[in-house]
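Written out below as structure tokens is the structure these notes cover.
The values are calculated or read from the model by the stated rules, or taken from the named source; none is laboratory data. Only a predicted model underlies this, so the values are computations on that prediction, with no experimental measurement involved. For neighbour counting, all protein chains shown are included, and Cβ atoms are generated from backbone atoms with ideal geometry for every residue, glycine included. Just so you know, the surface numbers come from the protein's heavy atoms only, side chains and all, with ligands and any DNA or RNA stripped out. Shrake-Rupley method; radii C 1.70, N 1.55, O 1.52, S 1.80 Å.
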Amino acid sequence: MRSIQYHSFLIKFLILFFTLASSCGRSEPAVPDGEQKENPKEEKVNPVTNLTAERTYHANELRIAWSNPSGIVSVAISYNREGADDKNAVSVNVNVNGQKESSYLLKLPVYAPYQITAVAIDNYGKRSEKTMITATPASTETATFTNPLLSGADPWIIKSEGTYYYTYTQGGSIVVYPTEKVSELGKASPVTLWRPASGTSYSKNLWAPELHKINGKWYVYFAADNGTNANHRMYVIENTSADPVQGSWSLKGKIADPTDQWAIDGTILEHNNQMYMIWSGGIAGGAPQNLYIAKMSNPWTIDGERALISSPEYTWEKYGSAINEGPEILKNQQGDVFLVYSGSGYWVDNYCLGVLKLKTGGDPMVRSDWVKTSSPVFAQNPAAGAYGTGHNAFFKSRDGKEDWIIYHARSLPNGAENNGRNVRIQKFTWNTDGTPNFGEPVKIGQDIKVPSGE
């Protein structure tokens, strides 16, 4: 009896053992008949978006730009002549480094329509579906230049008889650079027009000269002192020659209103057959610096009292110091008068341009007839290497079809002696309401199409 019970127990134990062993050897439960196991879906890599191809100013070149999906480490850009075998496509991997927007410059072998594809690649090497566009580069080279053109501050330029004359704050004399192409200003040779005698009230610190042609004669307006900034006043020299780099220049004298206070950055407005001088003035060079205007009886004489037309009032006019300076006149095709000026201290990154517009039918001597913009119209652009953008002038392209601005800026932030100002130019347009649209400073080193007619 005990033997039977023992054998029965042994059989049950063995059955249980083999059942458990068989169950533990399975990696997954058995799939019931009629059912098929589903594999988990693999996570997809999103493709790039907003893929574009823009012609550059160089032949057979395209700038490709796109938006990156999140989690992407690189994008494979491929190009192939449209209709050609895909086996001949050329591909390059572009690291995107977590950026939302990326671009790449394609230098293509020949002029032809091309098919461009972009594939996003994640950290595991997984690839997205292709995003495709077609594009054709320019077939010929377009003349270009890059900013900055040369070093210097307070640029001024004027065109006469096919020649542009550029001047700036040289400090000890009045110097011009004649050139037929402003984009090649850096290649022009300087000509010294006039140097003051030593030991006078105007011997030193010659600032912001402006060259004007009035009634067939040439005049240069500038500020100077005897070595002490508090003594800065405005002066004018004259040349009767048709060419400003020919003939001789003579000092006409100091040009001042009856207050004879500190004054710099003089410019000329001709409006309704009346000549005006506009300048930046203050008390011994201290803040605030305001913009003043006065009537003129001739190119070297202010006639009557000055009138205040602008004071620093907005925050963007007060960085570093409360300053309005560098006034320049700009007129549109309708004859509207704009006064573009610089706000804040020239030594700070926030130095920028503001605008006053003279009301239609307004009196330039009445402050309320000048309407000021509440925000800057041209300011620093760190991404472009443009800090302290200001003190400008305007000029037309050689064929008269385009409007351009010339201005100074710094290529690095925070000012300092080893971070001097340099001179740049770029084209600007006009808004539908007739106001100027200066856009943003163009990036240093970026190709810019030369002014039309060059």
* Return the distance in nm (one decimal) between the two label points of a simple spin-label model at residue 99 and residue 226, each offset 7 Å from Cα along Cα→Cβ. => 5.7
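Output the relative contact order of the range 178-294, whole-number percent, from Cα pairs under 8 angstrom with separation of 6+ residues. Can you show the working numbers first?
Details: 234 pairs, mean separation 20.9, N = 117.
For the range 178-294, the relative contact order is 18 percent.
Would you calculate a helix-derived [θ] at 222 nm for the chain, using -39,500 (n - 2.57) for each DSSP H run of n ≥ 4 and dividing by the full residue count, to the nearest 500?
The per-residue figure over the chain is -2000 deg cm²/dmol.
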* Structure fact -> Between the alpha carbon centres of the range 195-212 and the range 112-158 the gap in Å comes to 46
* Structure fact -> Counting only protein heavy atoms and rolling a 1.4 Å probe, one gets per residue an accessible area for the range 325-446 in Å² of 42
* To do: Just flag the trypsin sites (Lys or Arg not before Pro) in the range 344-412 sitting in loop per DSSP whose Cβ has no more than 11 other Cβ atoms within 10 Å.
  => 401
* To do: Mind checking which aspartates and glutamates have their Cα closer than 14 Å to the Cα of residue 331? Skip sequence neighbours fewer than 8 apart in that chain.
  => 270, 402, 403, 433
* Structure fact -> Length gained if residue 272 through residue 160 is fully extended, taking 0.36 nm per residue and subtracting the Cα-Cα distance, is 38.0 nm
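Write down the Kirkwood hydrodynamic radius of the range 67-128, to one decimal in angstroms, obtained as one divided by the mean of 1/r over all alpha carbon pairs.
Answer for the range 67-128: a Kirkwood hydrodynamic radius of 12.6 Å.
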* To do: Work out, step by step, the length gained on full extension between residue 180 and residue 123: first 0.36 nm times the residue separation, then minus their alpha carbon distance; give nm to one decimal.
  => 15.1 nm
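Which of the residue pairs 159/217; 401/427; 295/318; 181/449; 107/181 have a Cα-Cα distance greater than 20 Å in the structure shown?
Details: 159/217 14 Å; 401/427 11 Å; 295/318 28 Å; 181/449 12 Å; 107/181 28 Å.
Where the Cα-Cα span goes over 20 Å, the pairs concerned are 295/318; 107/181.
Report the calculated FRET efficiency for residue 173 and residue 347 (r = Cβ-Cβ distance, R0 = 25 Å), to the nearest 0.05. Don't skip to the answer; put the middle values down first.
Working: r = 24 Å, r/R0 = 0.94.
So, using R0 = 25 Å, E works out to roughly 0.60.
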* Asked: Between 133, 450, 316, whose Cα lies farthest towards the positive end of the dipole of the chain when Lys and Arg beta carbons carry +1 and Asp and Glu beta carbons carry -1, centred on the Cα centre?
  -> 133
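Please identify every one of the GluC sites (Glu not before Pro) in the range 149-196 that sits in a loop by DSSP and has no more than 15 other beta carbons within 10 Å of its own beta carbon.
Working: sites: 161, 180, 184; in loops: 161, 180.
Hits after loop and neighbour filter: 161, 180.
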* Theoretical FRET efficiency, 1/(1+(r/R0)^6), r = Cβ-Cβ of residue 412 and residue 86, R0 41 Å, to 0.05 -> 0.30
* Asked: Of the accessible area of the range 119-185, with the probe set at 1.4 angstrom, what percent is carbon plus sulfur?
  -> 43
* Along the charge dipole of the chain, which of 76, 361, 239 sits closest to the positive end, that is, farthest toward it, with unit charges on the beta carbon of Lys, Arg, Asp and Glu (+1, +1, -1, -1)? -> 76
* Label residue 240 and residue 133 with points 7 Å out from Cα along Cα→Cβ: what is the distance between them in nm? -> 6.3
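Need the full-extension length gain, residue 373 to residue 444, defined as separation in residues times 0.36 nm minus the C-alpha distance. One decimal, nm. Don't jump to the answer; show the numbers that get you there.
Working: separation 71, 0.36 × 71 = 25.56 nm, distance 2.75 nm.
Using 0.36 nm per residue and subtracting the Cα-Cα distance, I get 22.8 nm.
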* Run the quick spin-label model on residue 200 and residue 73: label points 7 Å from Cα toward the beta carbon, then report their separation in nm to one decimal. => 7.1
* Per residue solvent-accessible surface (Å²) - the range 195-264, probe of 1.4 Å -> 42
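If you scale each eigenvalue of the Cα gyration tensor by 5 and take the root, what three semi-axes come out for the chain, rounded to whole angstrom and sorted largest first? Can you show the working numbers first?
Numbers: eigenvalues 1006, 149, 74 Å².
Output for the chain: semi-axes of 71, 27, 19 Å.
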